Structure formats: structure tokens, C-alpha cells
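I have placed the structure first, in the form of C-alpha cells, so that the comments after it can refer back to it.
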């Protein structure tokens, strides 16, 4: 295929506290099997005061690079800022400490172009930065990476789901990320990617899974500590409740019951107990958010109806 017919692509990366990971991401982008003249990098500095050195980044980037600033905290806000400044037909999202494999861009573009889909998500592989993977229950691993993938490009449906560190989106029509979801500081809210999926499908826009468009997601030693895992699970429960509150008719295959958590705890080995504790943390997060919503919407409260 002639280089001139490759669609233009923007790769959006939101940076908050992980600027040191950018040089290795630049190396991974430089290894993409896609013409460098046909894609750009959009880095969104999501700190209150800019910390990304734009001149240095543009000098080191293997492709044209735009640096934007979004001072309001929040991953979804930063990604929406990137969408506003991106100049390409197709927009891909990843994280500073994620590592796209060489065929990432080409596979995503081929999937969107070949299927006519509006949104695509690629395979996410865990990359444990400490070197050794913990002996986790699969349910705990699923807090970080989706556990199942189809053999070929396929419409999204159970048991598959997508992750925000490996998404591709058409610019027309623009679909924004929900800014009450997504990580904000230490509140590890999530499901901004799932909410985007639900909204696209409700609008009649096709969503596909692209197993050959792979990204390695960094999992750091701090992420695998029990407190961090339970915190992630709690905020996942909060986020799922927000999503289902916004889209009550959506078929979301991600619910947890106390009985399921207790069943997962047997036999009582450490990895089983951690999985059960994570389930209970998700249930607690969802319950807390449900109570908050009831209080917010109760008649006579100052925030009712907002």
C-alpha cells in the first residue's frame, strides 16, 4: 500500500506523575510498523503546573509531537483535552508506562477501516516491572487486564471487554470520555472505557475487539500490595455503580454478590482469600456509591437533581 494512503493517526497519552516513563514509550512508538509521517504523538500534561518539557520531548520524539496542558485533575479530562487538539482521522490511546508492540497502530487502523467500527480495543498484556508475577487468583488479575480475547477481530460482547490503555477511536463523531469516571489522584476510579463502549453501542456505533493490536500494561510493585488491590477494587465498585446509574438499561456483565465472594474464598488459600476480599471491596464501593446517589437525589437536599 502506498504510504500516502495510510490514514492519519494521533496517539494520545495523558501524563500525571509518570513523566519518567515517556522515553521508553517513545522508543516503542519508534518501532511501530506504520509510516512515521502518518502519525503524531499528543502528550497531555495533567499536572496543575506544567512539568513536561515540551521542547525536549519534541526533540526526542520519533514522530511529530504536540504537548498540551490540562490543569484540572482527571484521566478522562486529560484524554478529552487530547481529543480536542488531535488532528487525525483515527485516535489511539495508551499510557506513559504502557508499551505498544510494533504492530499496534497498523492492526488498530486495519480493524477500524476494515470493519467500519467506531471504537476498537486491543489486547492488554501484563508487564510486571519488578520482574516476577505474583501468584494471583485470575479474578485479581482481571482488575488489571481483561482475561479473555477472541482469536480474530470480533464485535465486542461477553466475555470480552476493553481497557483504556489500548483503545482506538474515530474522530467523527467525537465521543468524549465521562469526566466523573477515570482515575483522579489517588481515587482509582475506572470504567471510563466501559462507559464509552456503552454509549457508542447505544448510539448504534460498532465496537470491536482487536486481539493482534497488543499493548503491555505496566503493573508496579506498589500496585500488587494488598491495600492497593483492595483500593482498586473499591473504586471499581464505585465506578460500576455510576455507570449503571447513568445507563440503567445497559447489559454490563460485571456484578458481584457476597455469596460469590464467599465461594471464591474456598479453599482458604491466600490467593483465594485475596480474590474474595477484592470482591467484597467492589461490593462495598458499589454500596457506598448507591447510598451517596440516594442522598444526593433525596427531596429537599441542596444537590438533588444535579
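The values are calculated or read from the model by the stated rules, or taken from the named source; none is laboratory data. In this text, all values refer to a predicted model and were calculated from it rather than measured experimentally. Ideal geometry is used to build each Cβ from the backbone, glycine not excepted, and the neighbour counts take in all protein chains shown.
Of note:
- Residues in the stretch 229-252 that are in a helix (DSSP H, G or I) and crowded, with 16+ Cβ neighbours inside 10 Å: 16 in all.
- Hey, residue 121 touching a strand residue (DSSP E or B) at 6+ places or on another chain (Cβ under 7 Å), within 28 Å of residue 41 (Cα to Cα) and in contact (Cβ under 8 Å) with a residue 60 or more places away in the chain or not: yes
- Residue count for the stretch 133-153, restricted to those that are in contact with a helix residue (DSSP H, G or I) (Cβ under 7 Å, 6 or more places away or on another chain) and closer than 20 Å to residue 221 by Cα: 7
- Taken as a whole, the condition of being surrounded by fewer than 18 Cβ atoms within 10 Å (Cβ to Cβ), at pLDDT below 95 and closer than 29 Å to residue 269 by Cα does not apply to residue 155.
- Top-ranked residue of the stretch 1-27 - restricted to ones that are in contact with a helix residue (DSSP H, G or I) (Cβ under 8 Å, 6 or more places away or on another chain) and in a loop (DSSP other than H, G, I, E, B), ranked as farthest from residue 112 (Cα to Cα): 16
- Strands (runs of 3 or more DSSP E) completely within the stretch 28-142 that count 3 or more residues being surrounded by fewer than 21 Cβ atoms within 10 Å (Cβ to Cβ): 65-69, 119-128
- Being modelled with pLDDT of 85 or more, in contact with a helix residue (DSSP H, G or I) (Cβ under 7 Å, 6 or more places away or on another chain) and on the phi < 0 side of the Ramachandran plot holds for only one residue in 193, 172, 212, and it is 212.
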